[in-house]
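Visitor: What follows is a single structure, and I will ask about it in a moment.
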Amino acid sequence: MAKVLLTRILYMEDDPGLSRLLQKSLQRRGYNVEIAADGEEGLRMLGIARYDLLLVDYNMPFCGGLDVIRVLTKQEKLLPTIMVTGQGNEEIAVEALKLGASDYVVKDVDMKYLDLLPVVIDRVLFQQQIMKERQVMADSMRESEERYRKLVEMSPEGIALHLDGKVTFMNPSGARILGARGPEQVINRSMFDIVHPDLHEVVRERMRYLAETGTQTPWVEERFVRFDGSVIDVEVSAASFLWQGKQMTQLIFHDISERKQAEARLQRLALYDSLTGLPNRTLFFDRLEQLLALAKRNSYVLALLFLDLDGFKQVNDTFGHDVGDELLRQVSDRLAKAMRKSDTIARMGGDEFIGLCGRIAEANDAAVVAKKIIEHLQKPYPAGEKTCAIGVSIGISIYPDDGEDCDTLLKKADMAMYRVKQGKHGGYVFFRDVQDAGDIVGRSGREERKGS
């Protein structure tokens, strides 16, 4: 069976008869009452034992009721206290309340105050309990806010609050991401100073959306401008809430620049040749499909140039693969310079390259490009302490004369290049100029010339 704890009351009263009478009256009502003959004795007893409530008589010879309250208040040890005064001493009772007493009762000759006192005690204890519960709630909220504040401050994510676009809070991680010295450098700045100018309208639309719906926005990619002026990629989510009757926006963001750079590297690996940096087959055919669609709509002329290096195998075998790789890189640089900026040059693999000249005035314009390529590639190349030279065989097919799809144009450019290869002198030729082309249609010229 649970033990019931009685309310312990210390009554300071210099009149033994009154103190015993009040003690018995309260004990009959379930209170545990101890007596102190004056204020000094009461203060000593308070230093030894624990009490729930004090009853203090105003008029005591040693350390009166007001003095007791003053001492305990100064020591910050004042318990719920009820001042007991005689009739005509209401001003004293008011003074006691100002000093910190919880309530007071006035003695009367008919002893009716003994019946009133339990009501006052219960009221004071109830009020004290309410105050304790409120304090517990306040402490709990304060601890919760402190935990949340620490979580926000320690979060690796950037966390910001802004009101009508003006930053009112920024955690340390957010300041670090933005390159600021600390949060104080960001506070009071406009979000439009932080968001890249190209995305200002996106931010305005998000603020309108949050104001209308009050929901959280999904994660989106944006760009922020750091304090040093550099631009970073970030991922941002926002939520709206009311604060002091105003619509406040919370932003959570993190730097994804490294991820975007990794994605760009992966995309480049997927679309560009790792050795030369030129577009690979995948990117070339994608561009060819797009240009063919554009040419069909606008009646443009396109030229496809299939290139195979002459003498590369000999250089590779003589000087080694490192020199061969460096030669391919130099060839790629020269090809890029020989082509127009609007054209595309790609590496198909090995020592084969393919060029795409879009929107030429006539087919013969492709010959100009081919001659320029030959001129650039025939110059000597460094090979260790020596130099080497290579040539190039180029076959040219024309859209729409030689075909209207990728496969046909590529096949005929390859056939024309093979005819040049058979001559063993390099140069270029148009598919239209190839004589007796039928004898090589369907043959894999690429397989036959691997040894050249």
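Each value in this text was obtained by applying a stated rule to the coordinates, not by laboratory testing. The model shown is predicted, which means the values in this text are computed figures rather than measured ones. Please note: Cβ atoms are built from the backbone with ideal geometry, for glycine as well, and neighbour counts cover all protein chains shown.
Visitor: Compute the longest continuous run of the chain that contains no exposed chymotrypsin sites (Phe, Trp or Tyr not before Pro); treat a site as exposed when its DSSP state is not H, G, I, E or B and it has at most 15 other Cβ atoms within 10 Å.
Guide: 228-452
Visitor: Given H placed on each backbone N at 1.01 Å, which residues far from ASP310 in sequence or on other chains put an amide H within less than 5 Å of it?
Guide: GLY391, VAL392, SER393
Visitor: Moving to a separate point now. Tell me the Kirkwood radius of the range 188-240: reciprocal of the mean inverse pair distance over distinct alpha-carbon atoms, in Å.
Guide: 11.7 Å
Visitor: Considering only DSSP beta bridges with both partners in the chain, what is the antiparallel share in %, to the nearest 5?
Guide: If I count the DSSP bridges inside the chain, around 70 percent turn out antiparallel.
Visitor: Here's something else I'd like to know. Using a basic spin-label model with each label point 7 Å from the Cα along Cα→Cβ, how many nm lie between SER190 and GLN422?
Guide: In this crude label model, SER190 to GLN422 measures out at 7.2 nm.
Visitor: What spacing in nm lies between the two simple spin-label points modelled at SER155 and VAL109, each 7 Å away from Cα in the Cβ direction?
Guide: With each label placed 7 Å out from Cα toward Cβ, I get 7.3 nm.
Visitor: Amide H neighbours of ARG223 under 5 Å, counting only residues 5+ apart in sequence or on other chains, H built in-plane at 1.01 Å?
Guide: HIS196, VAL234
Visitor: How far apart, in nm, are the 7 Å Cα→Cβ label points at ARG20 and GLN216?
Guide: So the two model labels end up 7.2 nm from each other.
Visitor: Using all alpha carbons of the range 8-133, what is the percent of pairwise distances in each 5 Å bin, ordered from the shortest bin to the longest?
Guide: Values per bin, smallest distances first: 2, 11, 23, 27, 23, 11, 3, 0.
Visitor: Moving on. Quick one: dipole size for the range 155-259, taken about the Cα centre, charges +1 on Lys/Arg Cβ and -1 on Asp/Glu Cβ, in debye to the nearest 20.
Guide: My answer is approximately 340 debye.
Visitor: I would also like to ask the following. Under the definition of Cα pairs under 8 Å and six or more residues apart, what whole-number percent is the relative contact order of the chain?
Guide: Reported as a whole number, the value is 8 percent.
Visitor: In bins 5 Å wide, starting from 0, what share of all Cα pairs of the range 289-373 does each bin hold, as a percent?
Guide: Result, from short to long distances: 3, 13, 23, 21, 15, 11, 7, 4, 3, 1 percent.
Visitor: Tell me what the chain gives for mean residue ellipticity at 222 nm when only DSSP H runs of n ≥ 4 count, each as -39,500 (n - 2.57), the sum divided by the residue total, rounded to 500 deg cm²/dmol.
Guide: Value at 222 nm, helices only, nearest 500: -14500 deg cm²/dmol.
Visitor: Sticking with this one: From the P(r) of the range 257-404, can you give the percent of Cα pairs sitting at distances over 19 Å?
Guide: The proportion of pairs with Cα distances above 19 Å equals 56 percent.
Visitor: Do any GluC sites (Glu not before Pro) in the range 358-441 lie in a DSSP loop with no more than 14 other beta carbon atoms within 10 Å, and if so, which?
Guide: In loop regions of the range 358-441 (DSSP not H, G, I, E or B), the sparsely surrounded GluC sites (Glu not before Pro) are GLU362, GLU385, GLU404.
Visitor: Once R0 is set to 22 Å, what does the formula 1/(1 + (r/R0)^6) return for the Cβ-Cβ distance between ARG259 and ARG181, expressed as a FRET efficiency to the nearest 0.05?
Guide: 0.25
Visitor: If R₀ is 35 angstrom, what is the calculated FRET efficiency for the pair PHE227 and ARG142, using the beta carbon separation as r and rounding to 0.05?
Guide: 0.55
Visitor: Please name which of GLY320, ASN298, THR387 has its Cα lying farthest along the dipole of the range 272-448 towards the positive end, using unit charges on Cβ (Lys, Arg +1; Asp, Glu -1) and the Cα centre as origin.
Guide: The one lying farthest along the dipole's positive direction is ASN298.
Visitor: How long is the range 155-259 along each principal axis, judged by its Cα atoms, biggest number first, in Å?
Guide: For the range 155-259, the Cα extents along the three principal axes come out at 34, 26, 25 Å.
Visitor: Something else: Quick one: Cα centre-to-centre distance for the range 373-397 and the range 69-132, in angstrom?
Guide: 108 Å
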